[in-house]
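Just below is one structure, and these are the notes that go with it.
Please treat every number below as a calculation from the coordinates, not as lab data. Just so it is clear, the model here is predicted, and its values are computed rather than measured. Here Cβ is always computed from backbone atoms with ideal geometry, including for glycine, and neighbour counts include all displayed protein chains.
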Amino acid sequence: MSTQKMSNLPPDRLTTDPPFTNVGLDVFGPWIVSSQRTRGSIIQNKRWAVLFTCLSIRAVHIEVIESLDTSSFVNAFRRFLAVRGPVKSIRSDRGTNFVSACKELKIPSNLDNTAVQTYLKDHGCTWTFNPPHASHFGGSWERMIGLARKILDTMFFQLKTTKLTHEVLVTFMAEVAAIINARPLVPVSSDPCDPFTLTPATLITQKVTPLKAPVGNFTASDLYKHQWRQVQHLSNTFWDRWKKEFLPTLQPRRKWHSSQLNVSVVSPF
């Protein structure tokens, strides 16, 4: 068995362009929502989410979609561009909806090298697809999706509720993106005089103070009350699991795991 030198990072991971100029994307889900109430029953539908990851500052942007077809993804992509601005390069796997969307939007991809070279001369946008069966090529955005999917799947499995609506899910995904973007980009300093932590949200919004949650206590019973309270309970649950399952991995404690008695003066009498 032979091993080779690890290659360098792609150029779009090291650029100084504004956030979301170079992105990686993927789809995750589905989740069940109540789309329409009829007499004596509730019509349920599936929803998915597209997660866009900035390849340089690792911030995320989430858009909810109603289906996996090309048209639904194109609408989500256009909403992303309307909020985050134009992009130079896109990376993803070879999902059928991605390939079709690339053709619909007339974005040259690495499936047509001649078109890519022509488009690059005009400083346009290119779409690079990973090789088949090579998901590790998208590790920078697969990492974010893997973390979010693991927590969300566990949450919804334990809640076992059909009270979620499309509006609740869209708002909740915006809260999830805010929580993920508030994570530290570097290990947290142990210096109490240096509380500032660099996060993706700081680089995006240019604001140091994080967004605060609404005041109040939100419990599982709020899932059956006002929609905004449903969202806050779900957001608090996601934050609690995110805090316990992901944040400790940023600065692991390799020693001093248990409490010990402090040094004290013992009287000889």
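Scanning residues 5 or more positions from residue 20 or on other chains, those with amide H under 5 Å from its amide H are 55, 56, 57, with H placed 1.01 Å from N in the peptide plane. To the nearest 0.05, what FRET efficiency results for residue 207 and residue 155 with a Förster distance of 30 Å applied to their C-beta separation? For residue 207 and residue 155, the calculated efficiency is 0.60. Between residue 191 and residue 42, residue separation times 0.36 nm minus the direct Cα-Cα distance comes to 48.3 nm.
A Förster radius of 41 Å combined with the Cβ-Cβ distance from residue 257 to residue 71 puts the calculated FRET efficiency at roughly 0.20. Per-residue Karplus couplings for the range 19-25, computed as 6.51 cos²θ - 1.76 cosθ + 1.60 with θ equal to phi - 60°, are listed in order as x, 6, 7, 10, 10, x, 9 Hz, Gly and Pro entered as x.
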